[in-house]
Amino acid sequence: MNNKIEQQSRTDDAESVDHTISFDSVDKVYGADAVAEESVVALQDIDLDVERGEFVSVVGPSGCGKTTLLHMAAGILEPTDGSVQINGVDVQSSQHERKEVGLVFQHPVALEWRTVRKNIMLPVQILKENGAIDKDMSHYEDRADELLSLVGLEGFGDAYPNELSGGMQQRVTISQSLIYNPSVLLMDEPFGSLDAMTKDELNLELLRIWRETEKTILFITHDLDEAVFLSDRVVVLSPRPGEVADVIDIDLDRPRGEDTRGSTRFVELSAELHQYFKSLQ
Amino acid sequence: MIGNAVRKLGNGITGGGRFSFDNDRLTRWVLSGFGLVLLLAFWEAVTTVLSLNPKYFPGPMGVVNELIRIWPAIVAALPNTLSAALVGYLLALALSIVIAIPLVASDRLLNALMPFIIGTNTVPRIAMTPLVIYWVSFYSVSMLYLANYVMAVWVAFFPMLIAAIDGFRSIDEDTENMLEVYGATTWQEFKYVRFKNGLPFIFDGMKIGFVLAMIGAVVGEFVSGTFGIGSQAASAIGRTSIARAFAIVLVLGLISTGVVLIVYLIESKMIFWRESSIMGDE
């Protein structure tokens with residue numbers, strides 16, 4: 001990589017870096033490296049900084065590249081151009097620390113043959129074997145118990161995933177992503193496949209977990225109300241190519257609760273976002 | 001372990017689990033038993049009513065009588081055949097898993113070899129029996145029985161290999177991404193996810209696999225003439241002793257069914273997280 005020097009300077013003044021997640025003029029083109037004539041520009045010129053402890057949602061019509069954006073932050077996809085940094089380190093570089101990022105998918109990825117507790121422990125087993133974390137396993141075993149109560153799954157540690165409801169399984173996945181205490185949580189429509197009531201309940205829980213753990217969260221959703229309810233800022237992506245159309249500040253008071261959804265300001269912001277969203281399509 | 005045992009016990013009590021013997025399942029067993037009796041009665045009736053020559057068209061009673069008569073000969077011939085089928089089967093199973101691992105680990109290797117694997121699987125491999133026997137006899141005539149082992153492996157291996165490849169590849173995209181985010185190595189992918197995730201496929205392959213290994217061993221004996229139940233069947237047919245041939249086929253069928261049932265049983269113990277049963281639960 002030719003940005004070695006740049007990287008070096010970044011690591012040097014890492015402490016002065018406030019952006020926990022930083023997209024720096026990122027393009028993602030599918031099929032760009034292939035001989036194929038048709039290439040698809042999924043994302044174009046994305047500049048986005050998420051501050052430490054901030055809750056930022058990304059909304060956009062389907063196919064606008066929301067998931068691509070998240071996968072680049074997770075290091076699963078490489079940007080065609082530009083770079084994505086977490087805590088000032090390029091996620092594609094070898095200095096990037098995997099333990100800094102937790103990922104929650106739309107569908108729970110709990111392994112059926114592992115108990116809830118063992119599923120939560122899976123990431124640290126892998127990271128420990130690869131020397132990516134230092135602490136003793138017993139530390140994480142204690143932490144798994146803490147997480148079980150944090151997400152409201154006390155007493156389910158020895159249950160198997162198929163004995164749990166969809167909402168409970170997603171709580172397992174959230175605990176799993178928190179077990180190694182990452183500073184960043186990337187969430188890809190985590191509650192998208194749940195019924196409305198469970199979704200509302202888990203939204204509240206997520207805010208509580210966020211408050212208690214002080215994570216930086218990048219949250220993908222297609223539910224505009226959910227985005228308004230949860231976030232400090234909502235990033236709106238325009239479709240094909242995906243570009244940042246607008247970033248909306250959500251100035252609702254915290255902590256937010258059941259009554260937030262009924263407040264005039266929530267209704268205003270939601271209406272504004274819906275209106276804006278319509279104008280995009 | 002204790003938690004597991006309690007869970008299974010609980011399933012048994014509530015009747016929701018695999019180890020319960022609920023009414024639905026009982027009904028199914030009774031019905032299939034009834035079907036079998038009906039079929040045999042029909043067979044016996046046809047041979048009697050049409051007064052068919054029992055030498056060429058024996059009824060079930062004739063077959064059973066013949067089975068009792070030649071039982072000592074069958075018991076003497078079985079070990080050779082069973083050993084070829086069983087050893088060949090286990091060898092093919094081990095090979096299929098060992099070979100599937102690098103194929104699934106490397107896309108390039110898989111792309112290079114998959115057409116060959118699928119092609120060979122499609123070929124009627126049993127037609128190669130004379131060639132296999134020829135090659136083995138070239139190696140050692142006194143150990144011609146080895147050809148039956150080779151045939152069992154040769155016939156059973158490819159479907160089991162394809163099952164193992166499909167099984168190890170069957171993890172969903174989110175799980176794959178999750179493993180990548182944690183920085184899991186290829187071996188960790190197998191250790192933590194792919195092996196267990198592939199088990200249902202591997203067990204399905206194992207059920208077909210034994211039947212095929214048995215066919216391979218028996219046909220090997222047909223052609224090689226080495227002592228075993230396959231060559232007994234061949235000579236029975238050669239002497240138009242139809243009842244005897246039927247009796248031998250019946251024994252082979254029962255053995256295959258028995259082994260497949262054992263595979264089902266091991267499957268339901270090993271894949272405890274998934275409902276599976278011989279007669280189907282749903």
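The values are calculated or read from the model by the stated rules, or taken from the named source; none is laboratory data. Quick caveat: nothing in here was measured; it's all calculated off a predicted structure. We place every Cβ from the backbone using ideal geometry, glycine too, and count neighbours over all the protein chains shown. Just the protein is used for accessible areas: all its heavy atoms, side chains included, with ligands, DNA and RNA removed. Shrake-Rupley method; radii C 1.70, N 1.55, O 1.52, S 1.80 Å.
Hey, what did chain B get for relative contact order, percent, Cα under 8 Å, at least 6 apart? The partial results should precede the final answer.
Values: 310 pairs, mean separation 71.3, N = 282.
Answer for chain B is 25 percent.
Using a 1.4 Å probe, what is the accessible area per residue for chain B, in Å²? Provide the component values of the computation, followed by the final result.
On the way: 15040 Å² over 282 residues.
Using a 1.4 Å probe on heavy atoms only, each residue of chain B averages 53 Å².
Could you please put A:D47, B:D174 in sequence from largest to smallest accessible area, using a 1.4 Å probe? Mind showing how you got there, number by number?
On the way: A:D47 90, B:D174 30 Å².
Sorted by accessible area, descending: A:D47, B:D174.
Quantify how strongly other chains surround peptide B:171-181 by giving the mean number of their Cβ atoms within 10 Å of each of its Cβ atoms.
Working: counts 2, 3, 4, 9, 5, 2, 9, 13, 4, 6, 13.
For this peptide, the per-residue mean of nearby foreign Cβ atoms is 6.
Considering only the other residues whose Cβ falls under 12 Å of the Cβ of A:T67, what net charge follows from Lys and Arg at +1 and Asp and Glu at -1?
Working: positive: A:K28, A:K66; negative: A:D188, A:E189, B:E173, B:D174.
Net charge in that neighbourhood comes out at -2.
Step by step: find N for segment B:60-270, compute 2.2 N^0.38 Å, then divide the Cα radius of gyration by it. What's the final number? If you can, show how the numbers build up before the last one.
Values: Rg = 20.2 Å, N = 211, 2.2 N^0.38 = 16.8 Å.
Its radius of gyration relative to the 2.2 N^0.38 Å reference: 1.20.
How long is the gain from B:A76 to B:M143 if the chain were fully straight, where each residue apart is worth 0.36 nm and the alpha carbon distance is subtracted? Don't skip to the end; give the middle numbers.
Details: separation 67, 0.36 × 67 = 24.12 nm, distance 1.89 nm.
Gain on stretching B:A76 to B:M143: 22.2 nm.
What's the extension gain from A:T198 to A:R254 if we count 0.36 nm per residue and subtract their Cα-Cα distance?
Numbers: separation 56, 0.36 × 56 = 20.16 nm, distance 2.14 nm.
Here the segment from A:T198 to A:R254 would lengthen by 18.0 nm.
Could you run the numbers on buried accessible area between A and B, total for both chains, 1.4 angstrom probe, in Å² to the nearest 100?
On the way: alone 13800 and 16230 Å², together 27700 Å².
Using a 1.4 Å probe, the pair buries roughly 2300 Å².
Evaluate peptide B:190-199: per residue, the Cβ atoms of other protein chains within 10 Å of its Cβ; return the mean as an integer. Intermediate values should be presented prior to the final figure.
Details: counts 0, 3, 6, 5, 0, 1, 4, 3, 0, 1.
Across B:190-199, the average partner-chain Cβ count within 10 Å equals 2.
Run the quick spin-label model on B:L52 and B:S106: label points 7 Å from Cα toward the beta carbon, then report their separation in nm to one decimal.
It is 5.6 nm.
Could I have the simple spin-label model distance between B:F116 and A:K278, label points 7 Å from Cα toward Cβ, reported in nm to one decimal?
Result: 6.3 nm between the two label points.
Let me have the relative contact order for chain A, percent, based on Cα pairs under 8 Å that are six or more residues apart. Before the final figure, lay out the partial values.
Working: 502 pairs, mean separation 67.8, N = 281.
Value for chain A: 24 percent.
Label points 7 Å out from Cα along the Cβ direction at A:D47 and A:E141: separation in nm?
The modelled label-to-label distance comes out at 5.1 nm.
How big is the gap, in Å, between the Cα center of segment A:142-206 and the Cα center of segment B:100-163?
Rounded to whole Å, the Cα centres lie 47 Å apart.
Leaving ligands, DNA and RNA out of it, report the carbon-plus-sulfur percent of the accessible area of chain B at a 1.4 Å probe. Numbers along the way, then the final one.
Values: 10880 of 15040 Å².
Its accessible area is 72 percent carbon and sulfur atoms.
Which residue, A:V59, A:V184, A:V244, tops the fluctuation ranking in a GNM of chain A built on C-alpha contacts under 10 Å?
Sorting by GNM fluctuation, first place goes to A:V244.
Using only the C-alpha atoms of chain A, find the volume of their convex hull and express it per residue in Å³.
On the way: hull volume 41.4 nm³, N = 281.
That works out to 147 Å³ per residue.
Using a 1.4 Å probe, how large is the accessible area of B:S256, given in Å² and rounded to the nearest 10?
20
In terms of the ratio Rg/(2.2 N^0.38 Å) built on C-alpha atoms, what value belongs to the protein assembly as shown?
Values: Rg = 31.6 Å, N = 563, 2.2 N^0.38 = 24.4 Å.
Here the answer is 1.29, to two decimals.
Could you derive backbone 3J(HN,Hα) for segment A:156-173 from the dihedral phi with the Karplus parameters 6.51, -1.76 and 1.60 (θ = phi - 60°), listing whole Hz in sequence and x where the residue is Gly or Pro?
10, x, 9, 7, 9, x, 6, 8, 10, 6, x, x, 5, 4, 5, 5, 4, 4
Can you give the FRET efficiency to the nearest 0.05 for B:L26 and B:K269, using r as the Cβ-Cβ distance and R₀ = 25 Å? Before the final figure, lay out the partial values.
On the way: r = 21 Å, r/R0 = 0.86.
Between B:L26 and B:K269 the formula returns 0.70.
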